[in-house]
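Asks: I'd like to ask some things about the structure below.
Here, each number is a calculation from the coordinates, and none is a lab measurement. No experiment lies behind these values; they were computed from the predicted model shown. Ideal geometry is used to build each Cβ from the backbone, glycine not excepted, and the neighbour counts take in all protein chains shown.
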Amino acid sequence: MILKKVVFPAAGLGTRFLPVTKCIPKEMLPIVDKPLIQYGVEEALSAGFKDVIIVTGRGKNAIEDYFDYSFELEYILSQREDNGNLEEITKLPKEVDVAYVRQKKPLGLGHAILCAENLISSDEYFGVVLSDDIIDAKVPVLKQMVEIVKKYKAPVISLMEVDKTMVNKYGIIKGKEIEERVYELNDMIEKPKVEDAPSNLAIIGRYILPAEIFSYIKKVKPGKNGEIQLTDALRDYAKKKRILGYIFEGTRYDAGDKFGYLHANIMFGLKRRDIGDKIKKIIKC
Ligand code: G1P
C-alpha cells in the first residue's frame with residue numbers, strides 16, 4: 001500500500017474567525033507561537049507521511065512563505081548569533097517539501113480535495129488533515145490511523161463522540177463496532193438535525209483515503225452554496241466498499257472556533273516550560 005502524501009485543504013474563507021481572517025489565513029493563526037497548520041504537518045511527518053500538498057486560495061500566500069526559507073531573517077539572526085531562533089525557523093523548510101494547488105472557488109471540502117487529484121496516482125492512499133481540528137495525543141492521531149489502515153487494508157476516517165446537541169456541526173456516521181474503537185461504516189450524513197442523526201459519533205478532520213475517492217467526489221451533487229461535501233462522497237463509497245471509522249485517542253480542540261481556539265492556546269500553553277506556570281497563576285485568579 002502506497003501511503004506517503006497528505007493533503008491540507010486550506011482555501012476556506014475562515015468566516016467563523018472574522019475579522020482577523022480578512023487578511024490572515026486561518027491556518028496561520030498561532031497556538032502559542034506556531035501556526036495551526038504546523039501542528040498538522042508535524043503530526044503527518046511523525047506518522048510517516050513524506051509529501052505535503054496544501055490546497056490554497058487567494059490571500060493565502062503567508063502559508064507558502066512560512067514553509068520557505070526567509071533569507072533576510074536568517075541572515076540577521078545568524079549575524080546576531082541567535083541560534084535558537086535560527087534553528088526554529090529553518091527546521092520546517094529543511095524537513096518538508098510542499099506542493100501547492102489552488103482551489104479557485106470555495107466550493108466545499110470535497111471540491112478542495114479533488115483539486116489535489118493530479119498530484120496523487122490512482123493506486124495510492126493519502127491522508128487528509130483539517131488543520132483547525134487540533135488534537136493533543138500521546139501517539140499522533142494519523143499514526144494511530146495508519147495502523148488501522150494497514151491492518152484492515154481499508155480507508156479510515158477519524159471519529160469522536162460528541163454531545164447529542166452538537167451533531168448539527170459535524171458529519172455523523174452510522175456503523176457497526178468491529179473492534180474496540182473501530183467501526184465499519186454503512187452511512188453518514190453531513191450536519192444533520194438532532195432528530196435525524198444516526199448516532200453521536202462525529203467525523204473529525206483526519207482521513208486516510210484511497211485515490212478512488214476522487215471518482216466518488218466527482219459524482220456528488222452540490223449542496224448548500226454550491227458546495228461539494230466530502231461526507232457525501234464517503235457515504236456513496238460506504239454503500240459499495242468497506243470504509244472504517246476509528247475513535248482516536250487524544251483531545252481535540254476546534255481551533256476554527258473562537259472559544260475552541262482560546263481553549264487550545266491555554267491547554268498547549270500550560271504544557272510549555274516557559275509560560276506554563278504563569279498561565280496556571282492567572283487561571284487561579
Ligand atoms: C468538516 C466536515 C465535517 C467534519 C468537520 C470536522 O466540516 O465537512 O464532516 O465533521 O469538518 O471538523 P466543517 O467544520 O469544515 O464545516
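Asks: Ignoring everything except DSSP H segments at least 4 long, calculate the 222 nm mean residue ellipticity for the chain; use -39,500 (n - 2.57) per segment, divide by total residues, nearest 500.
Replies: It lands at -10000 deg cm²/dmol.
Asks: What residue among Val41, Ile53, Gln79 has its Cα farthest toward the positive end of the dipole of the stretch 40-94, where the charges are +1 on Lys, Arg and -1 on Asp, Glu, each on the Cβ?
Replies: Ile53
Asks: Another question, if that's okay. Restricting to the chain, compute how many DSSP beta bridges are antiparallel as a %, nearest 5.
Replies: Roughly 60 percent of the DSSP beta bridges within the chain come out antiparallel.
Asks: What's the local net charge at Ala233, with K and R +1, D and E -1, over the other residues with C-beta under 14 Å away?
Replies: In short, 0.
Asks: Please list the radius of gyration and Dmax for the chain, considering alpha-carbon atoms only, with Å as the unit.
Replies: For the chain, the Cα-based Rg and Dmax read 19.2, 63 Å.
Asks: Let me ask something else. Which of the three applies to the stretch 1-110, rounded, prolate or oblate, going by the alpha-carbon gyration tensor with a ≥ b ≥ c and a/c under 1.5 meaning rounded?
Replies: Oblate.
Asks: Let me ask another. Could you give the size of the charge dipole of the chain about its Cα centre, using +1 on the Cβ of each K and R and -1 on the Cβ of each D and E, expressed in debye and rounded to the nearest 20?
Replies: Dipole of the chain, to the nearest 20 debye: 820 debye.
Asks: Which three lengths, in whole Å and largest first, does the stretch 173-266 cover when its Cα atoms are put on their principal axes?
Replies: Projected onto the principal axes, the Cα atoms of the stretch 173-266 cover 43, 38, 32 Å.
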